[in-house]
Amino acid sequence: MTQETGGFAAFNLNPNILAAVIATGYEEPSAIQQQSIPIIMAGHDMIGQAQTGTGKTAAFALPILHRIDPAKREPQALILAPTRELALQVATAFETYAKQMPGVTVVAVYGGAPMGPQLKAIRNGAQIVVATPGRLCDHLRRDEKVLSTVNHLVLDEADEMLKLGFMDDLEVIFKALPPTRQTVLFSATLPQSIRAIAERHLRDPQHVKIQTKTQTVTAIEQAHLLVHADQKTSAVLSLLEVEDFDALIMFVRTKQATLDLASALEAKGYKAAALNGDIAQNQRERVIESLKDGRLDIVVATDVAARGLDVPRITHVFNVDMPYDPESYVHRIGRTGRAGREGRALLLVTPRERRMLQVIERVTGQKVAEVRLPDAQAVLDARIKKLTNSLSPLVADAESTHGELLDRLTADIGCTPRALAAALLRKATNAQALTLAAIEKERPLVPNNAPRGDRPERTGDRPDRGDRERRAPVPLAEGRARCRTALGARDGIAAKNLLGAILNEGGLAREAIGRIQVRDSFSLVELPEDGLERLLTKLKDTRVAGKQLKLRRYRED
Ligand code: AMP
């Protein structure tokens, strides 16, 4: 076991859970996990004030899994979530952490899908039920005993549940559970309505809140960029084009992410390496030395691995994955701006993590300005500037050393010096795109940052009864077309099935496929406009989950 997993090992979780956590690549518990896991493991009721991005799901999922009895095939833990999307996400997290616990099953219960299979899964002995309140009440109306064996209840995003009008449903559910159960409540905010619930339904709860003492950050220019989770790599590549950096450190959450991102950067010609808790000490020292002396320019690290790293060359910090708490944000960005130099810190924020951004701004007392991805013109300007900088020192004496050769070659080839210089440039720039049109064509499909008002990551994410919160349509990125299939969640389809089928049969690169939204009775997929008809023909006979995909261009008007 590496030293870093000692953090999780110290909880004394069931070894099968610990093994799954290690396999997931987490190196150490986040602040909310550090505080909540022992309390929940000990069976106490708890109120946790934490938002998405803090690691709150694992903070309750790990100890709850520890407390259930896999041998008993009946519902033992109930997790309530405000939306279908969150319920699915939480269920998936439980499945991940329970991967090495034979006999443990998880069922997600939400509106829009048929009730029969959900009820069957519960009756077949799923120990963990993750549900939206509305649909769960429908089940209770059919069978009021369905939850009578549940002895752990978690309310996730309780404030969101109340906002969506689930108060009455929650009361019905509380009544259907044994009064002796353990109750854990997570909420980003604690308004009076939440406190009232806690008072009525929790017994002597312990409070957990990430300590947010004010932090000072000096000499570091901070900015954030809104981006979808699956577009982070291409966003990073675009940013690197225009950021004038010397050395740069990128922070991600898992070991795997350090490896994936470092190899994506290397593939683009950057001198990059990964740094994570699995890397042996001597290798780690080598990486840091290389970063110091310029053999490396970018290190992609986890928080644990970057501890104590002090390299004065670092001009930039990219927070590719959100830090768990403001303190670690401040810690991370402190890697730059060393020795009185100026530093720049960029934070990638997915739509769901905006609240975390606000917390960071509050704690640091500074606004983290929003930036947009560079457009094609900015990329072109930056590329030309780099080229100018690399060529201008060579011009001074080139004529004396190579002037005669130039004369001879232009004579031999029979071309103008301009034509020859252009040919040499093409060769020297490795056919890099250096016109606006060429850049527009090659650019990853992420230039449209989502506008502030909508929450694109959650469009598939409706409250389970009625459309209580209408959302603005998600803008389509340039060069993309939206396509529709009549297969949806009720056909047992998940986004990854669609993605797999289109990648395999369509022969596309992963970056070519945009957002995939799986609704109940249909799904939408963003595909490249260029060559779309050919692609659709290619996918004509493709089947997913045993059914014909029948993907068609979708026009919303
Ligand atoms: P949550 O706040 O529960 O939505 O979690 C945010 C993200 O952090 C999820 O993608 C988790 O997989 C990831 N995560 C949670 N705990 C850890 C940890 N200790 N180390 C690394 N990643 C984590």
message: Condition check: touching a strand residue (DSSP E or B) at 6+ places or on another chain (Cβ under 6 Å) and at pLDDT below 90. Does Gly365 satisfy that?
response: no
- prompt: Listed residues Lys271, Lys292; which is open to solvent by 10 Å² or more (accessible area, probe 1.4 Å), at pLDDT 95 or above and away from the ligand (no atom under 13 Å from the Cβ)?
  reply: Lys271
statement: Across segment 235-250, the tally of residues that are open to solvent by less than 30 Å² (accessible area, probe 1.4 Å) and outside any strand (DSSP E or B) stands at 6
message: Looking only at segment 254-268, filter to residues that are surrounded by fewer than 21 Cβ atoms within 10 Å (Cβ to Cβ) and among the aliphatic types (A, V, I, L, M); which one of those is farthest from the ligand (Cβ to nearest atom)?
response: Ala267
- prompt: under 30 Å from Ile516 (Cα atoms) and out of contact with any Leu (no Cβ under 9 Å at 6 or more places or on another chain) - does that describe any residue in segment 60-80?
  reply: yes
query: Just a yes or no: is a residue in segment 209-222 outside any helix (DSSP H, G or I) and under 22 Å from the mean Cα position of the chain (by Cα)?
result: yes
- prompt: Applying the selection to segment 24-44, what residues are in a helix (DSSP H, G or I) and more than 12 Å from the ligand (Cβ to nearest atom)?
  reply: Gln35, Pro38, Ile39, Ile40, Met41
- prompt: Among Thr429, Thr401, Thr416, which is the only one that is among the β-branched types (Val, Ile, Thr) and either modelled with pLDDT under 90 or under 39 Å from the mean Cα position of the chain (by Cα) (or both)?
  reply: Thr429
message: Based on this model, can you work out whether Gly48 counts as of a type outside the set (A, V, I, L, M, F, W, C), outside any loop (DSSP other than H, G, I, E, B) and either away from the ligand (no atom under 13 Å from the Cβ) or under 30 Å from Pro351 (Cβ atoms) (or both)?
response: yes
field: Enumeration of residues in segment 1-23 that are in a loop (DSSP other than H, G, I, E, B) and either modelled with pLDDT of 90 or more or near the ligand (Cβ under 8 Å from one of its atoms) (or both)
entry: Ala10, Phe11, Asn12, Leu13, Asn14
- request: Out of Lys550, Lys540, Lys496, report the one residue that is out of contact with any helix residue (DSSP H, G or I) (no Cβ under 7 Å at 6 or more places or on another chain) and in a helix (DSSP H, G or I).
  value: Lys496
Segment 205-229 - residue that is crowded, with 18+ Cβ neighbours inside 10 Å and modelled with pLDDT under 90 and, of those, farthest from Ala42 (Cα to Cα): Ile220
message: Take the conditions open to solvent by less than 50 Å² (accessible area, probe 1.4 Å), within 30 Å of Cys137 (Cβ to Cβ) and at pLDDT 60 or above and apply them to Ile502. Does it pass?
response: no
- request: Hey, could you check segment 318-357 for residues that are among the aliphatic types (A, V, I, L, M) and in a helix (DSSP H, G or I) and say which is most open to solvent (accessible area, probe 1.4 Å)?
  value: Ala339
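The values are calculated or read from the model by the stated rules, or taken from the named source; none is laboratory data. All of these numbers come straight from a predicted model, not from anything done at the bench. Reconstructed Cβ throughout: ideal geometry from the backbone, glycine too, with neighbour counts over all protein chains shown. The protein model used for the area step is the full one, side chains on, heavy atoms only, and it has no ligands, DNA or RNA in it. Shrake-Rupley method; radii C 1.70, N 1.55, O 1.52, S 1.80 Å.
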